[in-house]
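*Asks:* Below is the structure I would like to discuss, written out as structure tokens.
A short reminder: the numbers here are calculations on the coordinates, not readings from a lab. Being a predicted model, the structure only gives us computed values, none of them experimental. Quick reminder, even Gly has a Cβ in these numbers, built from the backbone with ideal geometry, and neighbours come from all protein chains shown.
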Amino acid sequence: MNHPKTNSNSWEATQKTNTARLRYWTLAWLLSLALARFGPESIWAYHTGLSILGIVLNLFIGAGMIIANKTYLRGLDEMQQKIFLDATALSLGTGLICGLSYEQLEDVQLITFQPEISHLIFVMSLTFIVGIVWGNKAHR
């Protein structure tokens, strides 16, 4: 009779490990992105070799974050995977549609500033969060 509880505890422990691993990889990626972005002007005076190294480091850490995200996703149960994938699809679709429209606003001179990728990432992040919350409420 303890066997199902042991499996449940094992699954929960794996979930905690996967979540922590994803958290650390995401934090490392964010810090490496900040280093690649602000290091050239603040630390190494636009030294080309160090700037390339910073970007390559960010790419490798980003790959680690992608692998951690894939491991996290595979560790979820079927319902959680569905919610995650639905939220991801919503975020991707929103990013594609809004991003292209946003770029066109400048092309047809409806805005006077250059569209920034950070604006699009913000919209996609909010869309993903809304998708996760909405999916969790819908599947309760």
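*Asks:* When Asn58 is evaluated against the numbered criteria (1) without any contact (Cβ under 8 Å) to a residue 40 or more places away in the chain; (2) of a type outside the set (D, E, K, R); (3) in contact with a Ser or Thr (Cβ under 6 Å, 6 or more places away or on another chain); (4) closer than 18 Å to Gln15 by Cβ, which criterion, by number, is the only one it fails?
*Replies:* Only one criterion in (1) without any contact (Cβ under 8 Å) to a residue 40 or more places away in the chain; (2) of a type outside the set (D, E, K, R); (3) in contact with a Ser or Thr (Cβ under 6 Å, 6 or more places away or on another chain); (4) closer than 18 Å to Gln15 by Cβ is unmet by Asn58, namely (4).
*Asks:* In addition: Between residues in region 13-33 that are closer than 17 Å to Gln80 by Cβ and residues that are in a helix (DSSP H, G or I) and among the aliphatic types (A, V, I, L, M), which pairs lie under 6 Å by C-beta distance while being six or more apart or on different chains?
*Replies:* Arg21/Ala68; Leu22/Ala68
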